[in-house]
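The values are calculated or read from the model by the stated rules, or taken from the named source; none is laboratory data. The model shown is predicted, which means the values in this text are computed figures rather than measured ones. No Cβ is skipped: glycine too gets one built from the backbone with ideal geometry, and neighbour counts run over all protein chains shown. Surface accessibility is based on the protein's heavy atoms, side chains included, excluding ligands, DNA and RNA. Shrake-Rupley method; radii C 1.70, N 1.55, O 1.52, S 1.80 Å.
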Amino acid sequence: MRHQLNSLLILLALAVFGACKPSIPRHVIQPADMEDILFDYHVADAMANQIMDSTRIYNSVLYKLAVLKKHGVTEAEFDSSMVYYTRHADKLHEIYERLAERMGNEAMALGADVGSVNRYNVENGEAANVWIGERCYTFIPQAPYNKVSFELPVDTSYHQGDRIVMDFDTQFLYQEGMRDGVAILAVRFANDSVATRLMHMSSDTHYSMEIYDDKSLGIKGVRGMFYLNRDRNATQTTLKVMVLNKIRVIRVHEAERQKRKALSEEAKRDSAHREEGRPGGPPPNDPQGRPLPPDDRRPDEPPVDRPIEDGDHPAPPPPHHPSGPVPHPLKSHGTPPPPPGGRPLPRE
């Protein structure tokens, strides 16, 4: 009996704690619905930004109003819900974490490149992705959700003369205010000197930054930070979100890359030379750009006739005479005609 009473008290306590758990007020757009609205909001904003003229801001407002109409939400309801979520930044951050993953999947379905760094060959050991953090982060102006710092481990796989490349895609969801995201990349070398790169982001695009160990000192540490600046002139309860997606940090063995590149170019030149000298290959050209007849014919092979083209000046053909001696202009068969005076010319 006492055991049953204890079990009943435990269930009652759980029920009380569950009832005390804060929930989303009814007048606020619920998280799942807000996620759908914000997704369409992002698509509308991207469509408006495709039109780079004086109507861009006007079209952006129209597209976003169409999104609210699609979901049956008024502008006042959306704004009041954003006030609530802005004051409860943890709930807003959860929505945007799901939204960022959804937007990334949508971009890949539309043919976006999974690997942002295309110019480095990761498969042959020339480069490697050393990023160990999340592939996607969501930022809002309120702390602690406005920044992320990172530090990457460095081991013997790093070589002197390596290049460190960090790249990522950005997406902004802003109702108003200035977009200002910041990315910082810092590399410490073996002599404790530090090279730093800082970049501001303000548009939906791809960004890349790099640091090169051009003095072959060796890399001792790699660290950095992402953060979203707060626009003090904008309303604090409006939508302001930055999403970083497909984050990668590529360590490139630059010396091996340059050596492989030189060998590839040399192989291409050798192949082109062999192709020009190969029988049946492309013949060389004359000064006018016309192909010359091949000079690798066999001794018993007749020359190849080439049709006369514009600009050619063929030699005139030699005069043709019938067989036999050329007759003298005064010698002919029979008697020559008399001259005008009536006296015949003497025969020779």
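Observations, loosely collected:
- Pairs linking a residue in segment 235-249 that is within 24 Å of residue 130 (Cα to Cα) and in a strand (DSSP E or B) to a residue that is modelled with pLDDT of 85 or more and among the small types (Gly, Ala, Ser), with Cβ atoms under 7 Å and 6 or more positions apart or on different chains, are 242/181; 247/133.
- Any chance residue 15 is modelled with pLDDT under 55 and of a type outside the set (Val, Ile, Thr): yes
- Test: residue in segment 115-133 that is at pLDDT 85 or above and closer than 30 Å to residue 59 by Cα: no
- When each of 246, 240 is tested for being in contact with a helix residue (DSSP H, G or I) (Cβ under 8 Å, 6 or more places away or on another chain), modelled with pLDDT under 90 and under 26 Å from residue 102 (Cα atoms), the lone residue that passes is 246.
Yes/no per residue for (1) within 29 Å of residue 138 (Cβ to Cβ); (2) open to solvent by 60 Å² or more (accessible area, probe 1.4 Å); (3) under 24 Å from the mean Cα position of the chain (by Cα):
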{"position": "184", "(1), (2), (3)": "yes, no, yes"}
{"position": "199", "(1), (2), (3)": "yes, no, yes"}
{"position": "211", "(1), (2), (3)": "yes, no, yes"}
{"position": "223", "(1), (2), (3)": "yes, yes, no"}
{"position": "229", "(1), (2), (3)": "yes, no, no"}
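- Residue that is modelled with the lowest pLDDT [pool: residues in segment 155-182 that are among the acidic types (Asp, Glu) and open to solvent by 10 Å² or more (accessible area, probe 1.4 Å)]: 176
- Annotation note: of 104, 72, 111, the sole residue that is surrounded by fewer than 16 Cβ atoms within 10 Å (Cβ to Cβ) and at pLDDT below 80 is 111.
- For the residues 161, 218, the requirement of being touching a residue at least 24 places away in the same chain (Cβ under 8 Å), farther than 30 Å from residue 87 by Cβ and in contact with a Ser or Thr (Cβ under 7 Å, 6 or more places away or on another chain) singles out 161.
- Residue check for residue 216: among the small types (Gly, Ala, Ser), surrounded by fewer than 18 Cβ atoms within 10 Å (Cβ to Cβ) and assigned to a loop (DSSP other than H, G, I, E, B): yes
- In segment 42-65, the residues that are modelled with pLDDT under 75 and open to solvent by 70 Å² or more (accessible area, probe 1.4 Å): 50, 52, 53, 54, 56, 57
- Those strands (runs of 3 or more DSSP E) of segment 161-208 in which at least 1 residues are among the aromatic types (Phe, Trp, Tyr), considering only elements entirely within it, cover 163-174, 181-189.
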